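Scroll down for the structure; my scribbles are underneath it.
The values are calculated or read from the model by the stated rules, or taken from the named source; none is laboratory data. Since the model is a prediction, treat every value here as computed from it, not as a measurement. Backbone-built Cβ (ideal geometry, glycine too); neighbour counts: all protein chains shown. When the accessible area is computed, the model is the full protein with side chains, heavy atoms only, and any ligands, DNA or RNA have been set aside. Shrake-Rupley method; radii C 1.70, N 1.55, O 1.52, S 1.80 Å.
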Amino acid sequence: MKPTYRIAPSLLSADFARLGEEVRAVIDAGADLVHFDVMDNHYVPNLTVGPLVCEAIRPHSSVPIDVHLMVAPVDRIVPDFAKAGATYISFHPEASAHVDRTIALIRDCGCRPGLVLNPATPLSWLDWTLDKLDLVLLMSVNPGFGGQAFIAHTLDKLRAVRGMIDAAAARTGRQILLEVDGGVKADNIAAVAAAGGDTFVAGSAIFGTKDYKATIAKMRAELATVAKAGP
């Protein structure tokens with residue numbers, strides 16, 4: 001079965017003075033999700049936005065809000081983002097004292113849990129968590145700042161995680177998204193998809209262009225070449 005590809009523009013690269021307008025614009029341009037980066041200046045060396053901003057954009061978004069928590073500790077803030085309208089809430093295992101408990105907390109709050117793996121984070125975190133996740137996010141840059149270059153060895157990790165997810169799907173019948181974040185753009189999205197990614201976070205690659213619709217259409221055209229080349 002051919003994969004369903006999803007494009008998730010990262011609001012980290014949007015014009016924050018016009019955030020509601022930017023959300024509507026990328027959705028009108030064809031976004032499947034809106035990616036919401038939360039940084040705390042502790043877990044990562046940057047400070048971005050919190051649940052109040054998520055709540056403010058919720059009325060402007062007709063697609064799921066994909067919240068990526070780069071915060072430590074993580075459990076305290078999960079219920080706030082659930083109330084603010086998040087659909088997916090993903091976190092880093094290094095930021096949780098009890099990863100299984102955090103996954104359960106996200107689920108209990110009515111959201112879909114995801115686990116985020118940094119470029120050097122081992123895949124063994126997935127051995128005992130994958131069946132409880134709705135999303136695995138592989139960072140293809142070190143988190144903290146937008147506009148970084150794609151780290152090539154992420155493709156090898158993608159292939160490995162794709163195998164794990166496919167095995168889990170065969171065992172349980174559950175869908176688990178495989179998301180990639182960092183340096184994804186039109187000229188490498190096909191390679192990322194060929195390695196197993198199905199959900200693509202793109203920030204400056206979309207918001208740094210004048211025509212969001214044309215940029216997303218170009219990405220989808222590249223993804224279509226992968227779908228045709230597949231089995």
Using the Cα centre of the range 106-231 as origin and beta-carbon charges of +1 (Lys, Arg) and -1 (Asp, Glu), tell me which of A214, L138, A160 is placed farthest towards the positive end of the dipole. A214
Here the range 99-107 yields Karplus 3J(HN,Hα) values (6.51, -1.76, 1.60; θ = phi - 60°; whole Hz; Gly and Pro given as x) of 4, 4, 5, 5, 4, 5, 4, 4, 5
Which value, in Å² and to the nearest 10, is the accessible area of E94 when all protein chains are kept and the probe is 1.4 Å? 90 Å²
What do you reckon, how do R171, R162 stack up by accessible area (1.4 Å probe), largest on top? R171, R162
Under 14 Å, Cβ to Cβ, from K83 - net charge with Lys/Arg +1 and Asp/Glu -1: -1
Carbon plus sulfur, as percent of the 1.4 Å-probe accessible area of the chain, comes to 56 percent
Reachable aspartates and glutamates, given that their alpha-carbon falls under 17 Å from the alpha-carbon of K157 and they are not under 8 places away in the same chain: D127, D166, E179, D181, D198
If you count, for each residue, the other Cβ atoms within 10 Å and average over each peptide, how do 146-153, 22-29, 66-73 line up from highest to lowest? 66-73, 22-29, 146-153
Suppose only helical runs count, i.e. DSSP H with n ≥ 4. What mean residue ellipticity at 222 nm does that imply for the chain under -39500 (n - 2.57) per run, divided by all residues and rounded to the nearest 500 deg cm²/dmol? -10500 deg cm²/dmol
So how exposed is K218, as accessible area in Å² (1.4 Å probe, rounded to 10)? 120 Å²
With every protein chain left in place, what is the accessible area of R159 in Å² (1.4 Å probe, nearest 10)? 130 Å²
Cβ-based net charge around F200, under 12 Å, with every Lys or Arg adding one and every Asp or Glu removing one: -3
Net charge (Lys, Arg +1; Asp, Glu -1) of residues whose beta-carbon lies under 14 Å from that of Y212, Y212 excluded, is +1
If we restrict to alpha carbons, what Rg and Dmax does the chain come to, in Å? 16.3, 46
Might you tell me the accessible area per residue for the range 144-184, computed with a 1.4 Å probe and given in Å²? 47 Å²
